[in-house]
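Student: Next up is a structure, given as structure tokens.
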Amino acid sequence: MSMRIGVITFPGSLDDVDAARAVRLAGGEAVALWHADDDLAGVDAVVLPGGFSYGDYLRAGAIAARAPMMRTVVDRARQGLPVLGICNGFQVLCEAGLLPGALTRNSHLHFRNRDQGLLVERADTAWTSSYEQGQTIVVPVKNGEGRYVGADADLDRLEGEGRVVVRYTGGNPNGSSRDIAGVTSADGRVVGLMPHPEHAVEDLTGPSTDGLGFFTSVLQGALAA
């Protein structure tokens, strides 16, 4: 039986179909979840895709973080459910309190869309175990509010706890503090990042297939459990 991975669609989600395709290419069963429901349908992990949610009014991800489905996701994540947030999904996870920090408007005030190098600093989370620590991968980045920020003391604590999962290399596309592109929860089960691994899963359409590792990681983790 294949692992069932839920992909939540919010009003404005753009990349839910791409995330579901990445799940299938990795060997999992993608399960469509709707933001207004509160039943996870028995899935083994959840992906919050990129795009927008509720028009990103107030702040990006702020309203989605209070959706009925997110109340269930927060409860289950605190019990160990693997959760991956990509771009807007990362913003939602920060607004929901599952990940530290915040995402603000890019420092140069422009939307940035390009292929991006990432340095993998944590290869032992639920979503990055298919990589090697220190590996460089290339996946697309596309955002206007992707600048990761936090107070210096909080960033020092994150660095000290080893919770930076991926860091920008070859240029920082949005002015993120300390080149941080993605972080994890203390238990390594919840990961959020601004770049889009779901757009780097096939040679035909992506700059690489480097992104597929995020999806194979969670499947391999389930098999090893």
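Student: Can you report the number of residues in the range 118-171 which are closer than 24 Å to PHE215 by Cβ and over 16 Å from the mean Cα position of the chain (by Cα)?
Tutor: Residues that pass the stated criteria total 8.
Student: Quick one: how many residues across the range 6-37 are under 17 Å from MET194 (Cα atoms) and of a type in the set (D, E, K, R)?
Tutor: Matching residues across the range 6-37 total 3.
Student: Is there a residue in the range 38-56 that is open to solvent by 50 Å² or more (accessible area, probe 1.4 Å), touching a residue at least 60 places away in the same chain (Cβ under 8 Å), within 20 Å of LEU193 (Cα to Cα) and out of contact with any strand residue (DSSP E or B) (no Cβ under 7 Å at 6 or more places or on another chain)?
Tutor: No, every residue in the range 38-56 fails to be open to solvent by 50 Å² or more (accessible area, probe 1.4 Å), touching a residue at least 60 places away in the same chain (Cβ under 8 Å), within 20 Å of LEU193 (Cα to Cα) and out of contact with any strand residue (DSSP E or B) (no Cβ under 7 Å at 6 or more places or on another chain).
Student: Oh, and also: Is it the case, given these coordinates, that ALA26 is open to solvent by 10 Å² or more (accessible area, probe 1.4 Å), touching a residue at least 12 places away in the same chain (Cβ under 8 Å) and farther than 23 Å from VAL183 by Cβ?
Tutor: no
Student: Kindly indicate whether any position in the range 63-77 is under 23 Å from SER185 (Cα atoms), of a type in the set (Asp, Glu) and modelled with pLDDT of 95 or more.
Tutor: The answer is yes; a qualifying residue exists.
Student: Moving on. Can you run down the residue pairs with Cβ atoms below 7 Å, 6 or more apart or on separate chains, where the first is in the range 7-22 and assigned to a strand (DSSP E or B) and the partner is open to solvent by 40 Å² or more (accessible area, probe 1.4 Å)?
Tutor: If the second residue must be open to solvent by 40 Å² or more (accessible area, probe 1.4 Å), the pairs left are VAL7/ALA32; THR9/ALA32; THR9/TRP34.
Student: I'd like to know if the range 5-13 contains one or more residues that are more than 16 Å from the chain's Cα centre (by Cα), of a type outside the set (Lys, Arg) and open to solvent by 20 Å² or more (accessible area, probe 1.4 Å).
Tutor: yes
Student: Inside the range 14-23, can you point out the residues that are β-branched (Val, Ile, Thr) and open to solvent by 50 Å² or more (accessible area, probe 1.4 Å)?
Tutor: Once the filter is applied, which keeps residues that are β-branched (Val, Ile, Thr) and open to solvent by 50 Å² or more (accessible area, probe 1.4 Å), the range 14-23 yields only VAL17.
Okay, residues lined up against (1) part of a helix (DSSP H, G or I); (2) over 18 Å from THR169 (Cβ atoms); (3) open to solvent by 10 Å² or more (accessible area, probe 1.4 Å):
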position: ALA186; (1), (2), (3): no, yes, yes
position: ASP203; (1), (2), (3): no, yes, yes
position: ASP210; (1), (2), (3): no, no, yes
position: LEU219; (1), (2), (3): yes, yes, yes
position: ALA222; (1), (2), (3): yes, yes, yes
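Student: Something else now. Quick test for you: out of SER208, SER176, pick the one residue that is touching a residue at least 60 places away in the same chain (Cβ under 8 Å) and among the polar types (S, T, N, Q).
Tutor: SER208
The values are calculated or read from the model by the stated rules, or taken from the named source; none is laboratory data. If you're wondering where the values come from, they're calculated on a predicted model, not measured in any experiment. Cβ atoms come from the backbone with ideal geometry, glycine included; neighbour counts cover every protein chain shown. We work out accessible area using only protein heavy atoms, side chains counted, and drop any ligands, DNA or RNA first. Shrake-Rupley method; radii C 1.70, N 1.55, O 1.52, S 1.80 Å.
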